[in-house]
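The values are calculated or read from the model by the stated rules, or taken from the named source; none is laboratory data. Since we're looking at a predicted model, the values are computed, not measured. Cβ atoms come from the backbone with ideal geometry, glycine included; neighbour counts cover every protein chain shown.
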Amino acid sequence: MFALIKKEILSHIVSPIFSVTAALFLFLTGFAFTASLTQISTRQLPEASLRGIIYFMAVILLFISPFLAMKTFAEEKKLGTLELLLTSPLSNFQIVLGKYLGVLFLLAAILILTIEFPFFIFMAGQPDKAPMALSYLGIFLLGASFLSLGLLASVLTHSQMIAALLSFVSIITLWFLGEVGGSIGEKISPIQHLQSFSLGILDVSDVAYYLIIIFLSLFLTLRILERER
């Protein structure tokens, strides 16, 4: 399985899509972070926390996650290599998990490249460490849930663009349920569960929410892959 994870990581790294999406994420978040630090007015002073930038990261992940996950299975189907993968010694579970861990590594790498944000905040003030650490945990879990939905979309089609579109539609539907779905929608919306992390509160229900999304998405991906075998 480690060979599959390595293959998945390398195939994304050499892809121009990953380079563009990673560069876009770092540029936009860096620009937003700089703007938040230099925003000084009589009404609002710069806040020594990552709260604002974490929500901005969530918005960017909403758009780039489908592109990170769209080629996991769709490209294999298009090139005809999925049959070879299914006849390998790897089980269906190992294939799904290997591909998911591959894109999850890419998400972690992108987030690690923003680690300079907390350093600049510590240079400018004396912020609480717990909210910063939990903010990164929250945005990682949010991105991980987005990628699991992207994996599910990718196994449904031969087209990477269709996979990206299906993934984006599913993510944005869940996202806006918090606005139009009332109290039930707020419990289903992924962005609503990010708030406690940004405040430095580790709520088990919020962690469980993201893990449930990941589990259900990977489970459905596994069942669809079993039909392919």
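In region 78-130, of all residues being part of a helix (DSSP H, G or I) and among the small types (Gly, Ala, Ser), the one that is farthest from PHE33 (Cα to Cα) corresponds to GLY98.
Cβ-Cβ distances below 6 Å connect no pair with a first residue in region 7-28 that is touching a residue at least 24 places away in the same chain (Cβ under 8 Å), a second residue that is of a type in the set (Asp, Glu) and in a helix (DSSP H, G or I), and a separation of six or more residues or different chains. Beta carbons closer than 8 Å, at least 6 apart along the sequence or on distinct chains, pair a first residue in region 145-159 that is more than 15 Å from LEU62 (Cα to Cα) with a second that is among the aromatic types (Phe, Trp, Tyr) and crowded, with 24+ Cβ neighbours inside 10 Å for SER154/PHE73; VAL155/PHE73.
Looking at ALA133, ALA144, ALA163, ALA108, just one residue is within 19 Å of THR29 (Cα to Cα) and buried (at least 18 other Cβ atoms within 10 Å of the Cβ), and that residue is ALA144.
For region 163-177, give me the residue count where each residue is within 12 Å of ILE188 (Cα to Cα), polar (S, T, N, Q) and within 13 Å of the chain's Cα centre (by Cα). Qualifying residue count, region 163-177: 0. In the set LEU45, LEU10, LEU4, only one residue is modelled with pLDDT of 80 or more and either in contact with a helix residue (DSSP H, G or I) (Cβ under 7 Å, 6 or more places away or on another chain) or not in a helix (DSSP H, G or I) (or both); that residue is LEU4. Residues in region 51-84 that are buried (at least 18 other Cβ atoms within 10 Å of the Cβ), over 17 Å from PHE197 (Cβ atoms) and touching a residue at least 40 places away in the same chain (Cβ under 8 Å): 14 in all.
For residues that are touching a helix residue (DSSP H, G or I) at 6+ places or on another chain (Cβ under 7 Å) and of a type in the set (Gly, Ala, Ser), scanning just region 73-107, find the one that is farthest from ALA133 (Cα to Cα).
Once the filter is applied, the top-ranked residue is ALA74.
If we scan region 205-223, do we find a residue that is surrounded by fewer than 17 Cβ atoms within 10 Å (Cβ to Cβ), under 24 Å from ALA69 (Cα atoms) and within 14 Å of the chain's Cα centre (by Cα)? Yes, region 205-223 contains at least one residue that is surrounded by fewer than 17 Cβ atoms within 10 Å (Cβ to Cβ), under 24 Å from ALA69 (Cα atoms) and within 14 Å of the chain's Cα centre (by Cα). For region 172-229, the helices (runs of 4 or more DSSP H) that sit wholly inside it and include 1 or more residues that are out of contact with any strand residue (DSSP E or B) (no Cβ under 8 Å at 6 or more places or on another chain), in contact (Cβ under 8 Å) with a residue 40 or more places away in the chain and within 16 Å of LEU141 (Cβ to Cβ) are 195-198, 204-228.
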